[in-house]
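The values are calculated or read from the model by the stated rules, or taken from the named source; none is laboratory data. All values derive from a computational prediction rather than experimental measurement. Cβ placement follows ideal geometry from the backbone for every residue including glycine, while neighbour counts extend to all protein chains displayed.
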Amino acid sequence: MKIVLAPDSFKGSLSAADACAAIERGLRQVLPDADILSRPMADGGEGTLAAVLAAAGTRGAARRKQALVRNAAGQSAEAGYVLLRRGVREVAVIEVAQIVGIEDAHNRARPVAERTSYGVGELLRLLLDEGIRHFYIGLGGTSTNDGGAGMLAALGVRFTDTWRRVIEPTPDGLAQLISVDVTAIEPRLAECTITVLSDVAHPLLGERGATAVFGPQKGVAAHEVAQLDAVLAAYAQRLEAALRRHATKEPGAGAAGGIGYALHLIGARFETGAQTVAQLMGLADACRDADWLITGEGHSDAQTLSGKAPMTAARIARASARPDALATLLSGGLDPAVLPQLNEVFNGGCFAIAPGPMTLDQAVIRAPELLTSMAAQLARLRRR
């Protein structure tokens, strides 16, 4: 039996690679001779680098490297990235959460209005210096809400106040913005292809924009939303006048606190995160002639249906695997309201791994054990 494991991470509990290992342990208890391939998934956010590296052995040479850049609080910090060989090209894979991630306590030490995406632009510039011209940039899990102003400042854009003094590229600084000078923007960007991995389709501004939708989870208080949104609107108006481009309403402009907006303005192409990660790691090839795909995530709900990593993995498997192959979803929790729709895609069933009532803390701690146990039980059913 050929089995492909392609779970996303179980947020706050297991990385995607750890989830693969836990599932494989359970399967091996019952099916010791099975041909099991692990392809840990991601959607462009946290875990993207790990997913690409995990599959690098079958897709060519890949190297994880570190660079010293500024984090969201403006402090020096190490950020990981991957250099991936694709044919004759060397491609850099950047996970923005490595630089300004919301899970990093150092980034959250300052209020949202004082955080900057400057380090993202710093890393891009360092890689340009190394001769890299092809980039995949994963957006998601970020702590910033500066509209990408910090990233652009690191790439040469000058933001100044009434007295032509350079201001900090943070929401607080942008509140003083009067003028934008783009004459020194990094010229090598014109030589680059930048592919953005994101599953966020929100615009930059308004009730569906970066601040209103994602700001509260980053620490934006309800009474601050309108004020920060107005700051970004004024910033965008001046920036677009200087660049003679428009992107506030583009799908994905609101991703990563508006870093998506800035990337639109410098010519990036947007792709569905999970689909592109699957391509980078060769999931379709791994699923060829497979009998069973097992995927999973921390919680499955309506967002899963919109194209999250498990849904993407299942669709790829159904197209590449054997006609009678099964696709199974293992989840930390299942929303019963969407179970009928999930069952249309996961013909091998959808299963919550908790055996009974337990607290979230218990579920997080016991996740490896629960995944292993559920995988073993499902393997016994398949063996029959």
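The residues of the range 209-229 that are in a helix (DSSP H, G or I) and surrounded by fewer than 20 Cβ atoms within 10 Å (Cβ to Cβ), listed by number, are Ala212, Val213, Pro216, Gln217, Ala222, His223, Glu224, Val225, Ala226, Gln227.
Only a single item in (1) within 23 Å of the chain's Cα centre (by Cα); (2) in contact (Cβ under 8 Å) with a residue 40 or more places away in the chain; (3) surrounded by fewer than 18 Cβ atoms within 10 Å (Cβ to Cβ) is not met by Ala262, and it is number (3).
In the range 260-285, the residue that is nearest to Gly148 (Cα to Cα) out of those that are out of contact with any Pro (no Cβ under 9 Å at 6 or more places or on another chain) and not in a helix (DSSP H, G or I) is Ile266. The strands (runs of 3 or more DSSP E) falling completely within the range 22-87 that include 2 or more residues that are modelled with pLDDT under 95 and over 23 Å from Gly131 (Cβ atoms) map to 35-38.
For the range 296-327, filtered to residues that are part of a helix (DSSP H, G or I) and basic (Lys, Arg), the residue that is nearest to Lys11 (Cα to Cα) is Arg315.
Is it fair to say Ala278 is buried (at least 24 other Cβ atoms within 10 Å of the Cβ), in contact (Cβ under 8 Å) with a residue 12 or more places away in the chain and not charged (D, E, K, R)? Yes. Of the candidates Leu293, Leu342, Leu330, the single residue that is in contact (Cβ under 8 Å) with a residue 40 or more places away in the chain, part of a helix (DSSP H, G or I) and over 24 Å from Gly101 (Cα atoms) is Leu342. Modelled with pLDDT of 95 or more, touching a Phe, Trp or Tyr at 6+ places or on another chain (Cβ under 6 Å) and buried (at least 23 other Cβ atoms within 10 Å of the Cβ): is that true of Leu330 in this structure? Judged against the criteria, Leu330 is a match. Could we say that Arg115 is at pLDDT 95 or above and crowded, with 24+ Cβ neighbours inside 10 Å here? Here the answer is yes, as Arg115 does meet what is asked.
Do we have Ile99 as of a type in the set (Val, Ile, Thr) and without any contact (Cβ under 8 Å) to a residue 40 or more places away in the chain here? So Ile99 fits the description; yes. Kindly provide the set of residues from the range 358-381 that are among the hydrophobic types (A, V, I, L, M, F, W, C), over 24 Å from the mean Cα position of the chain (by Cα) and surrounded by fewer than 17 Cβ atoms within 10 Å (Cβ to Cβ), ordered by number. If the condition is that a residue be among the hydrophobic types (A, V, I, L, M, F, W, C), over 24 Å from the mean Cα position of the chain (by Cα) and surrounded by fewer than 17 Cβ atoms within 10 Å (Cβ to Cβ), then Met358, Leu381 are the ones that fit. Give the residue that is farthest from the chain's Cα centre (by Cα), with candidates limited to residues of the range 15-45 that are closer than 21 Å to Tyr81 by Cα and surrounded by 24 or more Cβ atoms within 10 Å (Cβ to Cβ). Among those that are closer than 21 Å to Tyr81 by Cα and surrounded by 24 or more Cβ atoms within 10 Å (Cβ to Cβ), it is Arg39.
Exactly one residue among Glu168, Glu95 is under 18 Å from Gly45 (Cα atoms) and not hydroxyl-bearing (Ser, Thr, Tyr), and that residue is Glu95. The set of residues from the range 345-357 being surrounded by 13 or more Cβ atoms within 10 Å (Cβ to Cβ), part of a loop (DSSP other than H, G, I, E, B) and not polar (S, T, N, Q) comprises Phe346, Gly348, Gly349, Ile353, Ala354. Every listed requirement among (1) closer than 17 Å to Met311 by Cα; (2) in contact with a Leu (Cβ under 9 Å, 6 or more places away or on another chain) is met by Ile23 save one, (1). With respect to Leu127, is the statement that it is touching a residue at least 40 places away in the same chain (Cβ under 8 Å) and surrounded by fewer than 24 Cβ atoms within 10 Å (Cβ to Cβ) true? Yes.
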